[in-house]
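Participant: Structure provided below as structure tokens; questions to follow.
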Amino acid sequence: MGMTMTQKILAAHAGLDSVKAGDLIEAKLDIVLGNDVTTPVAIGVFDSIGFTKVFDKDKIAIVLDHYTPCKDIKSAQLCAAARAFAKRFDITHFYDVGCVGIEHALLPEQGIVGPGDCIIGADSHTCTYGALGAFSTGVGSTDMAAGMAMGENWFKVPSAIKVTLKGELPPYVSGKDVILHLIGLIGVDGALYKSLEFTGEGVASLSMDDRFTIANMAIEAGGKNGIFPVDEKTLEYVTGRFKRPVKVYEADPDAEYEQEVVIDLGTLKPTVSLPHLPSNTKTVDEVKGLPIDQVVIGSCTNGRISDLRIAADILKGRHVAEGVRCIVIPATQEVYLQCLREGLAEVFISAGCALSTPTCGPCLGGHMGVMSEGERAVATTNRNFVGRMGHVKSEVILASPAVAAASAVAGCVASPLDL
């Protein structure tokens, strides 16, 4: 039996001719990632075990993005610990306030990750880099500590679900709608410890930002990873960014999949996930009119320049509804600069939005948009669990940037097609 893309990458990094679902392997790592929340825990493990060096200072990335700029003393202490570790081992890819970005937007932008890589990160949305044709997955801080020291990690080789995409997306429908639709179909545990492998002629019509968004939320279906084939768009994206050799892996024609899900992109409509699970999906037409208190446009899922362009296009010449707070967060400093260059920042501020420095902030209920009891937000983030963005009696509705911007203007859940 042939191998899937994920299985081929894992086999290559384990030095094996082949692997199959369920095999336990040790694989060499190309990048180990941590942030200001998870890295300090990993440092504690690293030091307690007695490690005295890292395996490769160029293959570790530490990004201070979750609570930065530091919101309180505890977050400042976490960042101080990460800074000291980065200085102790001269970590090449260390990003702090002023040069930071939300990690899963920053690493692809900076060319730190690329096709064929094997990547672990002490953050569940590390699966984002599967958009580039890499195997990338989230791990705990203990695994991060071992990875930083040894440059290897053990894996159970996942089985796979084949997601075949057909057609092209209609106007105002994006990668966020695709992944919400898929999670609605299979559930939050539908891909538990499986690889979501996207294929089909519809892939070619998706932008790289669409693919990043889709791969980012593979974990919301329980996936071990999400992965896309490497095509012309992938190679165009990494050219000039990614400095290591590009390695392209393709699934074998006889690769084994546990199931196949077929999605006709042309039939999709603007979609949201209602509280309190990403799988609680409805089309916007089914729920429009729900009143809201806040809108968040940003995060590692939807804070890239294309996301902000579509939001600005909808907000231009309009104003955020009275009683609604709209927070816009460019995912990286480069995205922020591009907003300034293109005049998007002026559009957001003129529309009554708060424009933030890059941070994960409100997505995890950290800062920059924490909600009170009884409040409801439409957000382009990735999770809407109980208490995710603040009080346990607040609510988060997941949506695309287009729907989020339209909702900010309408003061309720709204479709951009209705403005």
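The values are calculated or read from the model by the stated rules, or taken from the named source; none is laboratory data. Computed from a prediction, not measured in an experiment: that's the story for all the values here. All Cβ positions, even for glycine, are placed from backbone atoms using ideal geometry, and neighbour counts span all protein chains on display. Only protein heavy atoms, including side chains, enter the accessible area calculation; ligands, DNA and RNA are left aside. Shrake-Rupley method; radii C 1.70, N 1.55, O 1.52, S 1.80 Å.
Participant: Here are some conditions: (1) buried (at least 19 other Cβ atoms within 10 Å of the Cβ); (2) of a type outside the set (A, V, I, L, M); (3) closer than 15 Å to residue 274 by Cα; (4) at pLDDT below 95. Residue 362 meets all but one. Which one does it not meet?
Facilitator: Of everything listed in (1) buried (at least 19 other Cβ atoms within 10 Å of the Cβ); (2) of a type outside the set (A, V, I, L, M); (3) closer than 15 Å to residue 274 by Cα; (4) at pLDDT below 95, residue 362 misses just condition (3).
Participant: If the requirement is being open to solvent by 40 Å² or more (accessible area, probe 1.4 Å), without any contact (Cβ under 8 Å) to a residue 40 or more places away in the chain and either in contact with a Gly (Cβ under 6 Å, 6 or more places away or on another chain) or assigned to a strand (DSSP E or B) (or both), which of these qualifies: 94, 55?
Facilitator: Working: 55 fails: without any contact (Cβ under 8 Å) to a residue 40 or more places away in the chain.
Going through 94, 55 in turn, just one is open to solvent by 40 Å² or more (accessible area, probe 1.4 Å), without any contact (Cβ under 8 Å) to a residue 40 or more places away in the chain and either in contact with a Gly (Cβ under 6 Å, 6 or more places away or on another chain) or assigned to a strand (DSSP E or B) (or both): 94.
Participant: Residue 123: under 17 Å from residue 217 (Cα atoms), among the acidic types (Asp, Glu) and open to solvent by 10 Å² or more (accessible area, probe 1.4 Å), yes or no? Steps first, please.
Facilitator: Values: under 17 Å from residue 217 (Cα atoms): yes; among the acidic types (Asp, Glu): yes; open to solvent by 10 Å² or more (accessible area, probe 1.4 Å): yes.
So residue 123 passes the test.
Participant: Condition first: under 16 Å from residue 10 (Cα atoms) and open to solvent by less than 30 Å² (accessible area, probe 1.4 Å). Now tell me which residues in the range 250-271 satisfy that. Break it down into steps so the answer makes sense when it comes.
Facilitator: Taking the range 250-271 as the starting set, the residues that turn out to be under 16 Å from residue 10 (Cα atoms) are 250-252, 255-256.
Within the range 250-271, 255 is the sole residue that qualifies.
Participant: Does residue 198 fit the bill of being in a strand (DSSP E or B), buried (at least 19 other Cβ atoms within 10 Å of the Cβ) and not basic (Lys, Arg)?
Facilitator: Details: in a strand (DSSP E or B): yes; buried (at least 19 other Cβ atoms within 10 Å of the Cβ): yes; not basic (Lys, Arg): yes.
When the stated conditions are applied, residue 198 passes them.
Participant: Quick check on this structure: which one of 212, 155, 228 is over 20 Å from the mean Cα position of the chain (by Cα), within 17 Å of residue 119 (Cα to Cα) and open to solvent by less than 10 Å² (accessible area, probe 1.4 Å)?
Facilitator: Working: 212 fails: over 20 Å from the mean Cα position of the chain (by Cα); 228 fails: over 20 Å from the mean Cα position of the chain (by Cα).
Answer to the selection: 155.
Participant: Quick one: in the range 24-52, which of the residues that are in a loop (DSSP other than H, G, I, E, B) and open to solvent by 40 Å² or more (accessible area, probe 1.4 Å) is nearest to residue 91 (Cα to Cα)? Talk me through it step by step, then tell me what you get.
Facilitator: Here is the first cut: in the range 24-52, the residues in a loop (DSSP other than H, G, I, E, B) are 29-30, 36-38, 50-52.
So of that shortlist, the ones also open to solvent by 40 Å² or more (accessible area, probe 1.4 Å) come out as 37, 50-52.
Working: 37: 17, 50: 19, 51: 16, 52: 14 Å.
Filtering first and then ranking leaves 52.
Participant: Answer with yes or no whether residue 247 is open to solvent by 50 Å² or more (accessible area, probe 1.4 Å), in a helix (DSSP H, G or I) and not acidic (Asp, Glu).
Facilitator: Numbers: open to solvent by 50 Å² or more (accessible area, probe 1.4 Å): yes; in a helix (DSSP H, G or I): no; not acidic (Asp, Glu): yes.
No, not satisfied.
Participant: Now for a different question. Condition test on residue 174, is it touching a residue at least 40 places away in the same chain (Cβ under 8 Å), closer than 22 Å to residue 298 by Cβ and open to solvent by 10 Å² or more (accessible area, probe 1.4 Å)?
Facilitator: Numbers: touching a residue at least 40 places away in the same chain (Cβ under 8 Å): yes; closer than 22 Å to residue 298 by Cβ: yes; open to solvent by 10 Å² or more (accessible area, probe 1.4 Å): yes.
Against the criterion (touching a residue at least 40 places away in the same chain (Cβ under 8 Å), closer than 22 Å to residue 298 by Cβ and open to solvent by 10 Å² or more (accessible area, probe 1.4 Å)), residue 174 qualifies.
Participant: The conditions are (1) under 20 Å from residue 67 (Cβ atoms); (2) assigned to a loop (DSSP other than H, G, I, E, B); (3) of a type in the set (A, V, I, L, M), and residue 321 fails exactly one of them. Which is it?
Facilitator: (1)
Participant: Within the range 357-372, is there a residue that is part of a loop (DSSP other than H, G, I, E, B), of a type outside the set (Val, Ile, Thr), touching a residue at least 60 places away in the same chain (Cβ under 8 Å) and more than 24 Å from residue 70 (Cβ to Cβ)?
Facilitator: no
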